[in-house]
Structure formats: structure tokens, C-alpha cells
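Read through the structure below, which is laid out as C-alpha cells, and then see the notes.
The values are calculated or read from the model by the stated rules, or taken from the named source; none is laboratory data. Only a predicted model underlies this, so the values are computations on that prediction, with no experimental measurement involved. For neighbour counting, all protein chains shown are included, and Cβ atoms are generated from backbone atoms with ideal geometry for every residue, glycine included.
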């Protein structure tokens with residue numbers, strides 16, 4: 001998609017997600033959009049196809065109408081997360097719930113279908129958390145590796161596709177929070193060892209319990225990161241006002 005197609009599509013997606021157009025409302029005509037964005041109708045048409053592919057608009061001969069967000073495809077997640085300076089906190093929380101449940105489901109599937117070598121690969125993916133002194137970046141990469149290894153061992157293609165699509169949109173949009181995330185490495189290491197023990201025993205209940213503990217730890221870390229990021233944003237906004245008042 002060209003830069004002009006992207007510009008038009010991204011503006012319309014933002015307008016829809018922000019509520020500028022209500023569900024069922026007709027979007028502007030190709031002619032009006034071409035004038036608004038100083039583009040040819042071909043560019044507008046391609047942008048509208050993008051909205052249809054994402055599932056935010058239903059294009060009919062008489063024009064395009066807005067659809068409900070819950071009828072959209074997973075591709076809309078990246079757009080939702082990328083709307084402000086920080087990703088939407090509620091949506092991020094919801095995505096973490098889904099990712100953690102996908103991980104638990106993948107491991108449970110692996111327990112049933114994976115070979116001993118494949119289970120050992122998942123175990124090996126847990127060891128860096130308690131055998132190494134990981135920095136923040138390395139810790140994040142280790143979490144991604146654990147998720148990918150578990151997905152691979154699950155042999156569940158729909159699960160793999162959903163997890164990949166969701167995570168590929170989620171991870172890049174979390175960068176604004178990256179500098180504010182403080183991981184509790186000690187507790188993480190404890191849970192990682194428990195997860196390895198549960199995997200080696202192929203104990204589904206223990207795996208689910210441990211992944212839920214990971215989820216709670218990740219959520220606590222994220223809440224603290226949001227608080228720190230918002231405090232910095234508020235401080236940066238207030239500082240010029242204070243300088244103006246004192247001058």
C-alpha cells in the first residue's frame with residue numbers, strides 16, 4: 001500500500017475507532033474523500049478496501065457503512081493500540097489475559113501431543129529465567145522464546161496463527177512503556193523453576209497454576225509501568241506551565 005493509501009486508511013480507521021462515525025453510519029463518498037485528502041479515487045478505493053479487510057466497514061454499491069468493532073479482524077488490534085502516546089491500558093490488560101491463556105492452552109496441548117524432546121525444548125526455554133542474570137531486553141526476548149517454543153510444541157495450527165497475529169501487533173506497540181517496566185526477576189525465576197518442574201512431570205494443573213501466577217506478576221509490572229509513564233508525561237506537561245508562571 002502506498003503512502004497515500006496508508007494516510008487515508010489510517011485517518012478513517014482512527015475516525016471510526018474514536019467514534020467520529022457511528023455503527024451503521026455511511027462513510028464519506030469516494031469523491032469527498034478524494035477532495036479531503038487531495039488524492040485520486042484509486043487511492044481512496046484501495047484505502048476503503050483496507051477498511052473492509054480489517055472489518056471496520058461494509059462496502060456496498062451505495063457506499064460504505066461502519067461496522068461494529070467486535071466484527072473486525074485481529075488486524076484492528078494494532079490500530080487500537082497505536083492511537084495515543086501510550087497504548088490503551090484496558091485493551092493491553094485484555095490482550096495480556098488472552099496471551100497468557102493462549103500460552104497455557106499451548107502448553108496443555110503440548111503435554112498431550114509433544115514428544116519428550118519437544119517438552120525438553122519448552123523446559124530449556126524456562127531456564128534462562130533462573131540460571132542467568134538477564135537484563136530487561138534479554139528477559140523480554142526470553143519470554144517471547146518461551147511463548148514461541150510452546151506454540152511450536154502444541155502442534156495446534158489455529159492456536160499458532162492466532163497467537164502470532166496478536167503478538168506481532170501487540171509487541172511493537174508496547175515500546176512506549178519499555179523504559180518503565182521493572183521486572184521482579186527473583187519472583188520470575190521462582191515461577192520459571194516451578195513451570196519447568198510441572199512440564200517435566202506433565203502436570204497440567206500445576207502448569208495452569210504457574211502460568212496464572214506469571215500472568216499476575218506481568219499485570220502488576222504493567223500497572224507500575226503505566227503509572228510511571230503517566231507520571232512522567234504529566235510532569236513534562238506541567239513543567240512548561242510552571243516556567244511560564246514564574247517568568
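Summary table below
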quantity	calculated
Single residue of 210, 227, 186 found to be under 24 Å from residue 171 (Cα atoms) and at pLDDT 95 or above	210
Residue satisfying all of: in region 127-149; over 22 Å from the mean Cα position of the chain (by Cα) and modelled with pLDDT of 90 or more; nearest to residue 217 (Cα to Cα) among these	129
Qualifying residue in region 148-164 (condition: free of Cβ contacts under 8 Å to residues at least 60 places away in the same chain, assigned by TED's automatic domain parsing to the domain that holds residue 80, surrounded by 15 or more Cβ atoms within 10 Å (Cβ to Cβ) and on the phi > 0 side of the Ramachandran plot)	yes
Hits in region 16-28 (condition: without any contact (Cβ under 8 Å) to a residue 12 or more places away in the chain and surrounded by fewer than 15 Cβ atoms within 10 Å (Cβ to Cβ))	19, 20
Within region 1-69, helices (runs of 4 or more DSSP H) holding 3 or more residues that are over 26 Å from residue 84 (Cα atoms)	30-37, 41-54
Subset of region 29-49 [surrounded by 14 or more Cβ atoms within 10 Å (Cβ to Cβ) and touching a helix residue (DSSP H, G or I) at 6+ places or on another chain (Cβ under 7 Å)]	30, 33, 34, 37, 39, 43, 44, 45, 46, 47
Residues located in region 174-202, provided they are in a loop (DSSP other than H, G, I, E, B) and free of Cβ contacts under 8 Å to residues at least 24 places away in the same chain	201
Listing of helices (runs of 4 or more DSSP H) fully contained in region 79-146 that carry 2 or more residues being under 21 Å from residue 159 (Cα atoms)	89-113, 116-126
Search result, residues across region 50-75 that are in contact (Cβ under 8 Å) with a residue 24 or more places away in the chain and either surrounded by 18 or more Cβ atoms within 10 Å (Cβ to Cβ) or touching a helix residue (DSSP H, G or I) at 6+ places or on another chain (Cβ under 8 Å) (or both)	50, 51, 54, 56, 57, 64, 66, 67, 69, 74, 75
